[in-house]
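First up is the structure itself, then whatever we jot down about it.
Bear in mind these aren't lab numbers, they're just calculated from the coordinates by the rules spelled out. In this text, all values refer to a predicted model and were calculated from it rather than measured experimentally. Quick reminder, even Gly has a Cβ in these numbers, built from the backbone with ideal geometry, and neighbours come from all protein chains shown.
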Amino acid sequence: MTFKAIKDYIRINGAAVVYNSTYVENYCIAESVWIGFDDVEAVRTKVSYAKEMRLLGYYVWQVPNDDHNWVLSLAAAEEGDHENQNQKGRLLVIVLVSSGATIVLLLGSVWVMCYLRKRKVKLTGTVLKARKEKEAKVNGISTAGNLNTNVPDLEVYSYADIEMATNKFSFENKLGEGGYGPVYKGVLVNKQEIAVKKLSKASTQGFEEFKNEVTLTAKLQHVNLVRVLGFCIERDEQMLIYEYMPNKSLDFYLFDSARRFLLDWKKRVHIIEGITQGLLYLQEYSRLTIIHRDLKASNILLDNEMKPKISDFGMAKIFSKDEHEANTGRIVGTYGYVPPEYVKKGLYSTKSDVYSFGVLILQIISGKKNACFYGLNEDLNLLEYAYDSWKSGKGKEFMDPSLDDTVSSCKLIRCLQIGLLCVQENAADRPSILEVSSMLKSESAALTIPKIPAFSTKGNRDEQTKSQLQLENCSINDTTLSQMEAR
């Protein structure tokens, strides 16, 4: 079939010209045989289209069985060759630029990888590799006795993960703020709820406290201690990741006029007993003796069942079992919870936490803060007011007004007396946490008479020895108990 015959066939049968994104194609059907061809106009169209679209070339169908062996006209071929040369020039430029960019990118990647590998996190002599796999292990912790122990794995979170979990640290996600810095609620990709404690730039605490809490709390596992899930050290930020406590902290309820009603007497006793168990673990049952040094209402967190969990171990100190007391020139802690020997001489021991716990017991019973003054003349601090109420046989008046009259008078007075024993001036007079636990469990065991509490401005320390004693009858499980109280 000749070129002319194909043209005639197209004209008679109305065959259409088909275009696509890369070339122009003419075709027709002749006696069930597909015939494709290009004429000069079609080739020119291809060249123009390829140039406009900046394509690398065009495609030409050769007509088979063409009597004239037609392919392209000379004009079309010349135009195509010129265009091909331009395309080759552009292609060379593209290849050179792309190659250069690739080399720069590869060199940059190698530099970044080397930089990240060199970056290490040292925690008490232990290197935490906190990049690439986003995993870390705290291998050991150094104590005053130079004792090293293994600790469990901690997750190393990226800044991007925590930022996304907390909705870019939004105000809506903020749970509160303490001496360390703000605390945010977060939800990880796996739907796990977390609490993120972020070190504030203005905080008096620093990397030492951060390191202390990471290495210490990672190895402490107890139902009444908040669990640390991991940490983040990135972009000059230091963040601790905790299990989320949905009911916030004890002070959120205790010192609020409305929310305090949610803490009935049974819950308050349960909280006191839970804190006792946490301290027992720290001081008696863990391999090392841990002194918290910042025990207070805001550091007691509550889970969904209102179970108390001790948190914030940034100030904690570690003793080996043969140590009983240590000295420091740096006084830390919270006003109102710090014992006198620590304030005056920098001495701290297990009895320091017992003192703080005693203050907490008195606050849980009364719902009162320890930075205010009470009594008829409003000239008594919380400890003096508690002692005065107990001594005069008016322990019920010290009780939080939100509590109803069904509260056991005997249990209340007993808790009040235990709290006063814990806040005595001399550390040697205070009971151990083991003794406190025993006192709380056994309601029939006799209690010693507490001396005037620390930081008291009323009377002298021997006043209670001159006091008359008053008997208050209490019924416990149908058994009558006579309990002595100083008047």
Extended-chain gain in nm, criterion 0.36 nm per residue less alpha-carbon gap, THR102 and GLU284: 59.3 nm
Gain on full stretching of the segment that runs from GLU435 to THR448 - 0.36 nm per residue minus C-alpha separation: 3.5 nm
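With respect to the cross-link table entries LYS351/LYS451; LYS211/LYS344; LYS198/LYS369, which display a Cα-Cα separation exceeding 21 Å? Don't skip to the answer; put the middle values down first.
Values: LYS351/LYS451 16 Å; LYS211/LYS344 28 Å; LYS198/LYS369 27 Å.
In this structure, LYS211/LYS344; LYS198/LYS369 lie more than 21 Å apart at Cα.
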Mean Cβ count within 10 Å, highest first, over the residues of peptides 165-177, 275-287: 275-287, 165-177
Inter-probe distance in nm under a simple model that places probes 7 Å from Cα toward Cβ, at THR457 and LYS394: 2.0
Segment 324-431: GluC sites (Glu not before Pro) in DSSP loop, at most 14 other beta carbons within 10 Å: GLU325, GLU378
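Apply 1/(1 + (r/R0)^6) to the Cβ-Cβ distance of VAL110 and GLN221, taking R0 = 60 Å, and write down the FRET efficiency to the nearest 0.05.
For R0 = 60 Å, the calculated efficiency reads 0.90.
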Over segment 218-284 - Rg/Rh using Cα atoms and the Kirkwood inverse-distance radius: 1.08
Label-point separation, LYS174 to PHE207 (7 Å along Cα→Cβ), nm: 2.7
Mean Cβ count within 10 Å, highest first, over the residues of peptides 183-192, 264-273: 264-273, 183-192
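How do the peptides 100-112, 408-420, 350-362 rank, highest first, by the average count of neighbouring beta carbon atoms within 10 Å per residue?
Ranking, from highest mean packing down: 350-362, 408-420, 100-112.
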TYR159/ALA371 FRET efficiency (R0 41 Å; Cβ-Cβ; nearest 0.05): 0.65
